[in-house]
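Participant: Below you will find the structure I want to go over with you.
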Amino acid sequence: MALNVPLTNEAPAAQAGDTLLSVEDLHVWFELKKFGFGHAGYVRAVDGVSFDLKYGESTAVVGESGCGKSSLMKTILGINIPTKGDIVFQGRHMSKMNRSDLKWYRSQVGYVQQDPYGALAPFMTVESILEEPLIINGVRSKSERRERIQKVMEEVKMTPADDFLHKFPHMLSGGQQQRIVIARAMILGPKLLVADEPVSMLDASVRVEILRLLRNLQEQHNLAVIYITHDLSTVRYFSERIFVMYAGKLVERSRIEPLVRNPLHPYTQALLEATSDPDANNALIYRELPPGEPPSLVNPPSGCRFHPRCSQAIQGLCEVEVPPEFEPAPERMAACWLYK
Amino acid sequence: MADKKLLIIKDLVLYFRTEKGPVRAVDKVNFELGFKEAVVVLGESGCGKTSLAKAILRLLPRNIDSYSGQIILDGQDTMALSDEEYRQQIRWVRMSLVPQAAMNSLNPVLRVGDQVAEPMMVHHGVRKEEALQQAKKMFQHVGVPADFLTRYAFELSGGMRQRVAIAMSLVTAPSLIVLDEPTSALDVLTQANIFNVLKRIKKELEISFILITHDIATSSELADRVAVMYAGQIIESSDAMQFFNEPLHPYSQMLMNSVPRLRGDVEPIFITGQPPSLLNPPTGCRFADRCPKRFGKCDQEPPIFDKQDRSVKCWLYE
């Protein structure tokens, strides 16, 4: 299969509104071994996640450490193999992909990592870092590679590009490093960008700049973006939809504004309650928070996984049966028995 | 007597020696901290705030160009002490530190209870059993269950490890704890939990805090006073209520406006450009080249102007 790697601005605009990515009842379980070969259970990192993403659509996935969002993201990136369920990209099923199909798939999904300095090889110049994906994906002509590098540097506003190409990552500021990470993610012309906490390691005054850049890239290239974060305050300005993840499952799905105004799932309510805005009155109160910690994914609680920490749990129901997704209002999904 | 301060810092200077010349990380900083008070030092990467923490706790590397000024702790000038006296009397006795990424610097081969007990044994010559009892009490203060005393760091979540690091800083009953970015790598629920812990400690154990962070939103959870640091200098100092309602310095204002807010509808801005190098800072106001309100006088370094309870290093407030 010849690898067809289009230039970044050739995204087919006619497909806006169509589904690009479909995650179908995805389960990603990691096997735990005892003494190297005895079976000791599974870490059920992603335990039944389904959603659709259209071309050009941006969605945030919000959740704490250990909720499975990194495992979900790595599966979408083609790094993990689904245990059950499937991922369908442009109509093609990941479960039916062979090695070269997977290689094509990975060239279609860009990845923006969290720690810009950690994501860039310290011994490679900016030019080598950007060339590498092109070389791996068969762009043989040096002049074509050079042209694409120039183009992508313009897109991330690192101009004049020649000022930066010979530099090593440690010579750049955090914001500049993150721009290179984004450039590398964009250089193969992906249709989907997965950004994992892209600004959490950057200073406050630079965060908005980088998020705006991602937003602009999304609009110009009709890119679908999955924005993974635990910081709810940035989500408002840079995504249309939000999925809230807890213990391997999606507990709430909604458009952003309605969720911020009126969160449905008790876990979402807790996340919003815990997010601070700059306000001196914060120092005068203690915040009300759900007790305990997110559960182990090896032995998650029975029924609704949030029930041990939930102040609104319904005795006799929540700890026994897993809630399905209810739709108490149009386009608002909550997996919670309160909305039966 | 109502005005007696726990910590008074006067003209604190810390320059690092490098091949290219001195790096002026802390450039004549003046600072005050009362009893049971929390002051937030707010600033972004490269402003010198971690160097300020090191200067206060005298945790200095070998390449020092200048280190001078006064650090008066409860009436005593600690600068006058020798390094050995400082180690015995001040560091981890009356002042302690929760460094950046403390949760990642816990000793992986020691049980966490032993680590928290260690300062008591080293600095106060206390026997291990008694030190472990103290550690257990500290665990209670920070909300870590007592049976975690025998666990290793890898068995704990990030939030738990950070609480252990805070317990370690509490164990010798200091009057002052410096926290450097205590929650930057943590989830929002864990962050809120840690701040609840710090609020309780401030009230119940009567300890003062210097909280160093770039996160304006979470800084408001603990701050009684705010000091904004830029390019090695404190450019604004104010009580928290007034600061969050109306920051004075243009940099503080832009910083405040760059915070995305969950509740509120204004889209955040960003500040173009970068802070100046601390190797050769400009001679005039160090923020001038990025300041939307700059005018002619900004070519000269502004002094600090006092406006009632607040001070600003900006010619606009002459």
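Participant: Which condition number does A:D18 fail, the rest of (1) surrounded by 22 or more Cβ atoms within 10 Å (Cβ to Cβ); (2) modelled with pLDDT under 90 being met?
Facilitator: Looking at each condition in turn, A:D18 falls short on (1).
Participant: Here's another thing I want to ask about it. List the residue pairs whose Cβ atoms are under 7 Å apart, where the first residue sits in the range A:112-136 and is among the aromatic types (F, W, Y), the second is buried (at least 21 other Cβ atoms within 10 Å of the Cβ), and the two are 6 or more positions apart or on different chains.
Facilitator: Every condition considered, the pairs that remain are A:Y117/A:P169; A:Y117/A:Q177.
Participant: Being in contact with a Pro (Cβ under 8 Å, 6 or more places away or on another chain), in contact (Cβ under 8 Å) with a residue 12 or more places away in the chain and surrounded by fewer than 18 Cβ atoms within 10 Å (Cβ to Cβ) is the requirement here; does A:S100 meet it?
Facilitator: In short, no.
Participant: Output the residue which, of all residues in the range B:198-234 that are in contact with a His (Cβ under 9 Å, 6 or more places away or on another chain) and more than 10 Å from every other protein chain (Cβ to nearest Cβ), is nearest to A:C67 (Cα to Cα).
Facilitator: Step by step, filter the range B:198-234, then rank; the result is B:I201.
Participant: Then there is this: Any chance you could count how many residues in the range B:32-54 are under 13 Å from B:I234 (Cβ atoms) and either touching a helix residue (DSSP H, G or I) at 6+ places or on another chain (Cβ under 8 Å) or assigned to a loop (DSSP other than H, G, I, E, B) (or both)?
Facilitator: Result for the range B:32-54: 6.
Participant: Could you look through the range A:263-310, keep only residues that are modelled with pLDDT under 90 and under 22 Å from the mean Cα position of the chain (by Cα), and pick out the one that is nearest to the other protein chains (Cβ to nearest Cβ)?
Facilitator: Looking at residues that are modelled with pLDDT under 90 and under 22 Å from the mean Cα position of the chain (by Cα), I get A:P294.
Participant: Run B:A38 past the list (1) touching a residue at least 12 places away in the same chain (Cβ under 8 Å); (2) loosely packed, with under 15 Cβ neighbours inside 10 Å; (3) among the hydrophobic types (A, V, I, L, M, F, W, C) and report the number of the one that doesn't hold.
Facilitator: Answer for B:A38: the failing condition is (2).
Participant: Let me ask something else about it. Could you look through the range A:187-209, keep only residues that are under 16 Å from the mean Cα position of the chain (by Cα) and crowded, with 23+ Cβ neighbours inside 10 Å, and pick out the one that is nearest to A:R145 (Cα to Cα)?
Facilitator: Step by step, filter the range A:187-209, then rank; the result is A:L193.
Participant: Does at least one position in the range A:244-254 carry a residue that is more than 8 Å from chain B (Cβ to nearest Cβ), among the hydroxyl-bearing types (S, T, Y) and either in contact with a Gly (Cβ under 8 Å, 6 or more places away or on another chain) or without any contact (Cβ under 8 Å) to a residue 24 or more places away in the chain (or both)?
Facilitator: Among the residues of the range A:244-254, at least one is more than 8 Å from chain B (Cβ to nearest Cβ), among the hydroxyl-bearing types (S, T, Y) and either in contact with a Gly (Cβ under 8 Å, 6 or more places away or on another chain) or without any contact (Cβ under 8 Å) to a residue 24 or more places away in the chain (or both), which makes the answer yes.
Participant: Filtering the range A:220-241 down to residues that are more than 13 Å from the chain's Cα centre (by Cα) and modelled with pLDDT of 90 or more, which residue is nearest to A:Q114 (Cα to Cα)?
Facilitator: A:L223
Participant: Whether any residue in the range A:139-149 is within 24 Å of A:V225 (Cα to Cα) and surrounded by fewer than 17 Cβ atoms within 10 Å (Cβ to Cβ) is what I want to check.
Facilitator: no
The values are calculated or read from the model by the stated rules, or taken from the named source; none is laboratory data. Bear in mind the structure is a predicted one, so any value in this text is a computation, not a measurement. Positions of Cβ are generated from backbone atoms using ideal geometry, with glycine treated the same way; all protein chains shown enter the neighbour counts.
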